[in-house]
Amino acid sequence: MQTIKESILFYAKHLYTIDLVFILLVLFVFICFLLFAVILHQKPIVASLVLFLSFILCPSLAYFGYKFIDDKFRHRIITILDNNFYSSNLVIDLNIENKSKYDFKYCKLVAKLYKIDDTNLSTIDKYKQKYIPYKLKSKILENELAKNQIQEHRIFFQNIPRDENLSIRVDSRCF
């Protein structure tokens, strides 16, 4: 619950105008579906289908629309330069490059370590390994990231066994 509250506060503080307009558009589409279902109250099967579609389409629209806006207006490239073990610590060196038209005043890098599939696992455990990170570390950039600027950063993971079969993914949120 606390993470949801932090996410809402984070986005409310950092969203662009286009993000707010898009949120209002998704809410408008959802309300239109609900009104359409109310109009169809004489046909409960059709109204139920409309409600079901609204609960599927609106979250999908929100997710993919956010991805589109993020790629279009806040485009950035993250490159993993190197990853090395020092005793039981994993060090990841990476670059982040601002390719958008705007300066980023806030950026958060999130590095995720995933265990590579073990063939002896059940199907559920394979999905867990694929989608739930083994370790997660985030870093907030201290400096503003101007357009067309590249910054180098380093993320440390402690107590990682050297013989562990891991894959690394780095995501970012920049505003």
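Data overview
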{"item": "Val26 being of a type in the set (A, V, I, L, M) and open to solvent by less than 70 Å² (accessible area, probe 1.4 Å)", "result": "yes"}
{"item": "Within region 83-128, considering residues that are touching a residue at least 24 places away in the same chain (Cβ under 8 Å) and among the hydroxyl-bearing types (Ser, Thr, Tyr), the one surrounded by the fewest Cβ atoms within 10 Å (Cβ to Cβ)", "result": "Ser88"}
{"item": "The listed residue being open to solvent by 90 Å² or more (accessible area, probe 1.4 Å), among the charged types (D, E, K, R), in a strand (DSSP E or B) and in contact (Cβ under 8 Å) with a residue 12 or more places away in the chain, out of Arg169, Arg162", "result": "Arg169"}
{"item": "Selected residue (criterion: surrounded by the most Cβ atoms within 10 Å (Cβ to Cβ)) from residues of region 47-63 that are of a type in the set (A, V, I, L, M), closer than 12 Å to Phe36 by Cβ and in contact with a helix residue (DSSP H, G or I) (Cβ under 6 Å, 6 or more places away or on another chain)", "result": "Val50"}
{"item": "Within region 132-145, considering residues that are farther than 17 Å from Leu94 by Cα and in a loop (DSSP other than H, G, I, E, B), the one least open to solvent (accessible area, probe 1.4 Å)", "result": "Pro133"}
{"item": "Scope region 14-23; condition open to solvent by 60 Å² or more (accessible area, probe 1.4 Å) and not hydroxyl-bearing (Ser, Thr, Tyr); matching residues", "result": "Ile18, Leu20, Val21, Ile23"}
{"item": "Residues (assigned to a helix (DSSP H, G or I) and either open to solvent by less than 40 Å² (accessible area, probe 1.4 Å) or of a type outside the set (D, E, K, R) (or both)) located in region 69-82", "result": "Ile69, Asp70, Phe73"}
{"item": "Residue among Tyr66, Tyr11 that alone is surrounded by 12 or more Cβ atoms within 10 Å (Cβ to Cβ), in contact (Cβ under 8 Å) with a residue 12 or more places away in the chain, assigned to a helix (DSSP H, G or I) and of a type in the set (Phe, Trp, Tyr)", "result": "Tyr66"}
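The values are calculated or read from the model by the stated rules, or taken from the named source; none is laboratory data. Bear in mind the structure is a predicted one, so any value in this text is a computation, not a measurement. Methodologically, a virtual Cβ is constructed for each residue, glycine included, from the backbone with ideal geometry; neighbour enumeration extends over all protein chains shown. Just so you know, the surface numbers come from the protein's heavy atoms only, side chains and all, with ligands and any DNA or RNA stripped out. Shrake-Rupley method; radii C 1.70, N 1.55, O 1.52, S 1.80 Å.
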